[in-house]
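Enquirer: Shown below is the structure under consideration.
Any read-out appearing in this document is the output of simple, stated calculations on the displayed coordinates, not a laboratory observation. This structure is a prediction, so every number in the text was calculated from the model and none was measured. Don't worry about glycine lacking a Cβ; one is built from the backbone with ideal geometry, like all the others, and counts go over all protein chains shown.
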Amino acid sequence: LTYFKIVIESTEKKKDLKGKSYISYVIRTKDSNDTKANWETRRRFSEFDELHSILRQKFPRSKLPSLPRKRGLFSYGNSFIEKRRVALQQYLTSLISIGELAKSADIFKFLTEDSKGNTSSRRSMMALDNVSMLALLDEST
């Protein structure tokens, strides 16, 4: 069994096509040996919120971890962004520690694909052939 590490490495302040500011969270998922799999994807908070809603609907009996609360643009100070980055990393780690969610295709896609459905690594499916998402561990805590 291969173990993985999920880290939200950094954040990026961006603007959408309408000029509205948002924060993008850079998520890296890699195997503990740094040899088989390595994905990097960027997600907005709204995408975390969407994943949470999907999981609540598909797994109504699971006790999902809490998602950090949504705040307006006024909250984009460095301290707030860092606290949210840490909270979202803990959220992802908690999600994959729930047995029935460990094999969720929705979580796998969230961690390995961009918002357009492009996989960030050509090796992604091959690398996880016999690996449960339950093996994903956050080694930074």
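Enquirer: Summing +1 for each Lys or Arg and -1 for each Asp or Glu, what net charge is found among the other residues whose Cβ lies under 15 Å from the Cβ of Leu55?
Expert: Once positives and negatives cancel, what remains is +2.
Enquirer: Can you tell me which of 49-57, 15-23 comes out highest on packing, and rank the rest after it, using the mean Cβ neighbours within 10 Å?
Expert: 49-57, 15-23
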